[in-house]
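Nothing in this text is a laboratory measurement; each read-out follows from the coordinates by a stated rule. Note that the structure is predicted; figures quoted are calculated from it, not measured. Neighbour counts run over all protein chains shown; Cβ positions are idealised from the backbone, glycine included.
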Amino acid sequence: MDDTMETKQLLYKEVVKAHKEWERAYTAFQEVTGMDEVDVAIYTLEAAERRYQIQLKAAKQANLDWNAFRNGSFWAN
């Protein structure tokens, strides 16, 4: 596997990881009750959202073929 493919695989994995972190932060935000918890949840959610945006931007700049990852054909190379 060449460096370009490895880089794209890494980018894809980072996007998926960032999305999962955002989902966890969103769920935590929905479940908070105290004012201090709200502040922390908002900060965590905003940070996760920004990280996800950064990873998506990097993936788009690398011209990732999302369908190749989703259907598994990219991993077969």
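Yes/no per residue for (1) surrounded by 15 or more Cβ atoms within 10 Å (Cβ to Cβ); (2) hydrophobic (A, V, I, L, M, F, W, C):
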{"position": "4", "(1), (2)": "no, no"}
{"position": "25", "(1), (2)": "yes, yes"}
{"position": "44", "(1), (2)": "yes, no"}
{"position": "55", "(1), (2)": "yes, no"}
{"position": "65", "(1), (2)": "no, no"}
Where a residue in the range 22-38 is touching a residue at least 24 places away in the same chain (Cβ under 8 Å) and its partner, wherever it lies, is assigned to a helix (DSSP H, G or I) and not aliphatic (A, V, I, L, M), with Cβ under 9 Å and at least six apart: 22/49; 22/51; 22/52; 24/44; 25/44; 25/46; 25/49
The range 39-62, residues that are in contact (Cβ under 8 Å) with a residue 24 or more places away in the chain, more than 9 Å from the chain's Cα centre (by Cα) and in a helix (DSSP H, G or I): 58, 59
